[in-house]
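Trainee: Quick one: the structure is below, and I'll ask about it shortly.
The values are calculated or read from the model by the stated rules, or taken from the named source; none is laboratory data. The shown structure was predicted, so the numbers you read here are calculated from the model rather than taken from an experiment. Cβ sites come from the backbone with ideal geometry, for glycine too, and all protein chains shown count toward neighbours. Each accessible area value is taken on the protein alone, full model and side chains, heavy atoms only, with ligands, DNA and RNA left out. Shrake-Rupley method; radii C 1.70, N 1.55, O 1.52, S 1.80 Å.
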Amino acid sequence: MIGFCVINGFTFGVDLALIGLFHGWLDWPVWLAISISYVSAFGLSFVLNRWLNFRSHAPVYSQVGWYVAAIAVNYFAIVLGIGAGLTTVGVYYQLSRILAGACEGVFMYCVLRWVVFTDRRDRRPRPAA
C-alpha cells in the first residue's frame, strides 16, 4: 500500500501539473485539460505500479484490458463526476481535482490489488493430494 501511495502521489502530481499547464496556462476547457492529464498520469501509473509495486509477471495484454475498464469507470464516475462536477458548481478546479483524487485513490488501489494485477493462473483449483 505504501508503494501504491508513493507512485500514485507522484503521478497525481504529474496530473495536477498537466492540468495547470493545459487549463491554467493554455486556457483549454476544464474537461479537456482533465481528460488529457488523466490519461497521461494513468498511463505512467500503470507502468510504474506493474513494475515497481505489484511486480507482476502475468501477461500484460489482459492486465491492460482490465486497467482500461477500471480507468473508464473511474474517469466517468469519479474524475468527471466529482472533479468536473465540483468545478461546475464553483469549486476551484485544482481543489476539485484533489478531492476527486482522494476518492479515486481508494477505488484504484482496490481494483489494481484485487483485479488488474492478480495472477489469474493461481485461481485454478489445485488437484487433491
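Trainee: Checking Leu99 against (1) surrounded by fewer than 18 Cβ atoms within 10 Å (Cβ to Cβ); (2) closer than 24 Å to Met1 by Cβ; (3) of a type outside the set (Phe, Trp, Tyr); (4) touching a residue at least 40 places away in the same chain (Cβ under 8 Å), only one condition comes out false. Which one?
Mentor: (4)
Trainee: Examine region 28-38 for a residue that is outside any helix (DSSP H, G or I) and out of contact with any Leu (no Cβ under 6 Å at 6 or more places or on another chain), and state whether such a residue exists. First the steps, then the outcome.
Mentor: To start, the set of residues in region 28-38 that are outside any helix (DSSP H, G or I) comprises 28-29.
Among the residues that remain, those that are also out of contact with any Leu (no Cβ under 6 Å at 6 or more places or on another chain) are: 28-29.
Yes: one or more hits.
Trainee: Looking at (1) open to solvent by 20 Å² or more (accessible area, probe 1.4 Å); (2) farther than 13 Å from Glu104 by Cα, which one does Tyr67 not meet, given that it meets all the others?
Mentor: (1)
Trainee: Further question: Which numbered condition in (1) closer than 15 Å to Gly105 by Cβ; (2) touching a residue at least 40 places away in the same chain (Cβ under 8 Å) is the only one that Leu52 fails?
Mentor: Checking Leu52 against (1) closer than 15 Å to Gly105 by Cβ; (2) touching a residue at least 40 places away in the same chain (Cβ under 8 Å), the one that fails is (1).
Trainee: Hey, another quick one. Could you tell me whether Ala41 is in a helix (DSSP H, G or I) and in contact with a His (Cβ under 6 Å, 6 or more places away or on another chain)?
Mentor: no
Trainee: Would you confirm whether any residue within region 108-116 is under 19 Å from Phe22 (Cα atoms) and either at pLDDT below 85 or within 11 Å of the chain's Cα centre (by Cα) (or both)? Please lay out each step first, then the result.
Mentor: As a first pass, look at region 108-116 and keep what is under 19 Å from Phe22 (Cα atoms): none.
Checked against the condition, which is being under 19 Å from Phe22 (Cα atoms) and either at pLDDT below 85 or within 11 Å of the chain's Cα centre (by Cα) (or both), region 108-116 yields no hits at all.
Trainee: Answer yes or no as to whether Asn8 is touching a Gly at 6+ places or on another chain (Cβ under 7 Å), at pLDDT 85 or above and not aliphatic (A, V, I, L, M).
Mentor: In short, yes.
Trainee: Could you list, in sequence order, all residues of region 14-62 that are small (Gly, Ala, Ser), modelled with pLDDT under 90, buried (at least 16 other Cβ atoms within 10 Å of the Cβ) and touching a Lys or Arg at 6+ places or on another chain (Cβ under 9 Å)?
Mentor: Ser56, Ala58
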